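For reference, the structure discussed in these notes is given below.
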Amino acid sequence: GDKLAYMIGLDIARNDEDKNSKYRVDYIDRRDNEFKIGDVNSDTSFTEDISAIYGEFKYQINDKLITTFNARYDHMEYDYSNNMTTDKWNKDFNEQSYRVGATYKLEENSIFFASISTGFRVPTIDQLYAGDILSGRYAYENNPDIDTEKTYNYELGYRGQEGLFTYDV
C-alpha cells in the first residue's frame, strides 16, 4: 500500500554431513597406542534441520518518518552420531530475534536513523561434540550444554549524499 508494507517468509534447510578420516602415516600416541596407515581415526554423521518463520512490517507515518519492525523465530534440531561407537545425540534450539527501527528524512538527501536489534548464534556441532569428533594426541570432552550466544545492537546515525559523495555517521 501507500503507507504500509509487509513481508512474511519461511526459511527451511536440511543439511547433513558425513565425516570419515584415516591415518595417513603410522603413528604411536602418548599412551603407546599404535595406529597404522589407513586405520580409521574418526567416523561421524550429523544432520541439521532448520525451520524458521519471519516477518517485517514498515509503516510510513508521514512523508518524513518511516518505522520498521521485524521478527524471526528459528527452530533447529541437531542429530549427531559417532559411527565408531553406538553413541547418538540430539540437541534442539528455539531462538527468536527482532529489530525495531525508524528513519527520519531531514532533507532530500539526508536521513537520521535509529534501531534496536537482537541476534544469536547457536553452538556448532564441533563445539558441542568435540570429544567424539577429535581424537589422536589429546583428550577432548563433549560439551553439549553450551548456551546460544546472544547479541544486542543499538544504532543511531545520520547518512546522506552530497554530489558524488555518500556518508554514514
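The values are calculated or read from the model by the stated rules, or taken from the named source; none is laboratory data. These numbers were taken from a predicted model, which means no experiment stands behind them. Virtual Cβ from ideal backbone geometry, glycine too; neighbours counted across all protein chains shown. Just so you know, the surface numbers come from the protein's heavy atoms only, side chains and all, with ligands and any DNA or RNA stripped out. Shrake-Rupley method; radii C 1.70, N 1.55, O 1.52, S 1.80 Å.
Assorted remarks:
- For Asp87, the residues 5 or more places off, or on other chains, whose built amide H falls under 5 Å of its own are Asn82.
- Entry note, the chain: relative contact order of 17 percent, from Cα contacts under 8 Å with a spacing of 6+ residues.
- Between Asp74, Asp92, Asp147, the GNM of the chain built on Cα springs shorter than 10 angstrom shows Asp147 fluctuating the most.
- Among Thr85, Thr148, Thr47, the largest mean-square fluctuation in a Gaussian network model of the chain (Cα springs under 10 Å) belongs to Thr85.
- From phi via Karplus (6.51, -1.76, 1.60), per-residue ³J(HN,Hα) for the stretch 38-45 in Hz, x at Gly/Pro: x, 5, 6, 8, 7, 8, 10, 9
- Think of it as helices only: each DSSP H run of n ≥ 4 in the chain is worth -39500 (n - 2.57), and spread over all residues that comes to -500 deg cm²/dmol at 222 nm.
- For Ile8, the accessible area of its heavy atoms, probed at 1.4 Å with every protein chain present, is near 120 square angstrom.
- Cα-based convex hull volume of the stretch 49-155 per residue, rounded to whole Å³: 130
- For the stretch 82-92, Karplus couplings with θ = phi - 60° (6.51, -1.76, 1.60), whole Hz, Gly/Pro x: 9, 6, 8, 10, 9, 6, 9, 9, 10, 9, 10
- Under the combined filter of DSSP loop state and at most 12 neighbouring Cβ atoms within 10 Å, the stretch 63-169 retains these GluC sites (Glu not before Pro): Glu108, Glu141.
- In the stretch 70-114, the portion of solvent-accessible area held by carbon and sulfur atoms comes to 49 percent [1.4 Å probe, whole percent, DNA, RNA and ligands not counted].
- For the stretch 1-112, pairs of C-alpha atoms spaced more than 22 angstrom apart make up 62 percent of the total.
- Taking all protein chains into account, the per residue accessible area for the chain stands at 70 Å² (1.4 Å probe).
- In a reduced charge model with +1 at each Lys and Arg Cβ and -1 at each Asp and Glu Cβ, the chain shows a dipole moment near 420 debye about its Cα centre.
- Dipole orientation for the chain: of the candidates Gln96, Asn82, Tyr27, Gln96 has the Cα lying most toward the positive pole (charges on Cβ; Lys, Arg +1; Asp, Glu -1).
- Most to least accessible of Val100, Val169, Val25 (protein chains only, probe 1.4 Å): Val169, Val25, Val100
- Each Lys or Arg adds one and each Asp or Glu takes one away; over the other residues whose Cβ falls under 10 Å from the Cβ of Ile53, this sums to -1.
- In Å, descending, principal axis extents of the Cα set of the stretch 1-63: 75, 21, 17
- Built amide H within the under 5 Å cut-off of Phe35, gap 5+: Tyr27, Ile28, Asp29
- Summarising the amide proton neighbourhood of Tyr129: residues at separation of 5 or more, or on other chains, whose placed amide H is nearer than 5 Å comprise Asn143.
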